[in-house]
1. For helix 135-155, what angle does its Cα long axis make with the longest principal axis of the chain, in degrees from 0 to 90 and rounded to 10?
2. What is the distance in Å between the Cα centres of region 56-75 and region 122-160?
3. Based only on Cα atoms, what mean projected area does the convex hull of region 222-360 have, in nm²?
4. Once you have all Cα-Cα distances for the chain, histogram them in 10 Å bins from zero and send the whole-percent values.
5. Measure off 7 Å from each Cα along the Cα-to-Cβ vector at residue 84 and residue 123, then give the distance between these two points in nanometres to one decimal.
6. Would you mind listing how long region 82-159 runs along its three principal axes, going by Cα atoms, in whole Å with the largest first?
7. Compute the distance in nm between two label points, each set 7 Å from the Cα along the Cα-to-Cβ direction, one at residue 335 and one at residue 258.
8. Across all directions of projection, what mean area in square nanometres is found for the Cα convex hull of region 165-206?
Ligand code: GPP
Ligand code: MG
Ligand code: MG
Ligand code: MG
């Protein structure tokens with residue numbers, strides 16, 4: 001998510017947040033549940049290699065994003081509390097924020113293997129780094145397990161610990177289910193564009209993106225505030241709608257964004273993804289345009305990709321997207337303003353302003 005014009009994360013919050021990454025990393029490297037080799041003679045070779053892989057893996061994959069999901073936990077908790085946070089409260093909100101960034105790192109490391117992507121956050125995808133390869137699959141699992149270890153260390157004594165674990169488990173299950181839908185609809189040998197409709201699209205993105213990117217940070221802040229998540233179904237629905245809008249932006253940027261700015265090269269056309277753009281093109285195109293899409297979508301040949309992109313341009317999908325963006329914003333603002341709680345309105349608006357018209 002971009003730092004939107006109206007929702008720029010406070011510089012000091014981000015600096016504090018970044019500092020806590022170093023604490024968590026140091027704790028994980030000293031985790032007594034896994035002894036790094038301690039044989040003095042082999043220290044240079046073995047211990048160094050073990051620690052180095054873990055360090056490089058964390059630094060390469062965890063802190064390099066926009067950090068908006070993580071920072072949102074702190075912002076949301078502040079707004080919900082309504083008073084200044086103590087140092088300890090800031091620390092705990094940062095730790096939860098980092099758990100979401102760890103979750104995101106875990107998903108992205110694996111998603112890039114599954115999507116056969118090339119770059120991420122302006123660097124090679126982790127699995128493409130020399131000497132990493134499919135070790136990246138296990139690194140993804142390690143990242144996921146780090147979350148449980150961080151939560152255990154810092155939240156075990158909290159009354160909401162069980163709810164926190166349950167929340168991360170539920171959201172992970174929803175995301176993996178969404179990823180499954182994303183992957184099975186693009187399965188080679190079953191490429192059939194006629195199944196790409198708006199309801200199919202919405203279901204995929206709600207699960208693969210919206211819960212973990214939007215609901216999770218606010219749900220973490222609510223749990224820290226002592227709330228019962230069952231009482232916030234309306235808030236969840238608004239966040240899921242916001243997450244859907246966010247993934248539409250991601251799909252738009254995959255084709256029309258600047259790779260230098262978004263830090264990744266789009267692969268949705270090559271991968272036969274059920275992207276918002278192709279769903280729109282199928283709804284708006286005439287028979288001959290749909291025929292060209294059927295013949296060229298999902299092929300890695302650059303000439304085929306170019307034909308798909310030229311249909312998108314002929315159908316003026318950039319402006320169709322801008323109109324969708326305007327309408328989504330209006331609808332989201334009106335459902336937010338129908339919310340009875342002012343602090344929650346502020347939480348939701350601050351989230352929306354972080355992503356509205358984002359370029360990356
Ligand atoms: C984003 O899809 C979805 C995810 C990153 C969830 C992955 C879930 C797993 C269980 C691995 P995307 O492929 O459009 O994202 P991007 O464009 O960033 O590659
Ligand atoms: Mg994907
Ligand atoms: Mg991807
Ligand atoms: Mg994408």
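Please treat every number below as a calculation from the coordinates, not as lab data. Remember, predicted model here, so these are calculated numbers, not experimental data. Virtual Cβ from ideal backbone geometry, glycine too; neighbours counted across all protein chains shown.
1. Approximately 50 degrees, to the nearest 10.
2. Going from one Cα centre to the other spans 12 Å.
3. 10.0 nm²
4. 5, 23, 32, 24, 12, 4, 0, 0
5. Once both label points are built, they end up 3.7 nm from each other.
6. Dimensions of region 82-159 along the principal axes of its Cα atoms: 46, 24, 18 Å.
7. Reported label-point gap for residue 335 and residue 258 is 3.3 nm.
8. 3.0 nm²
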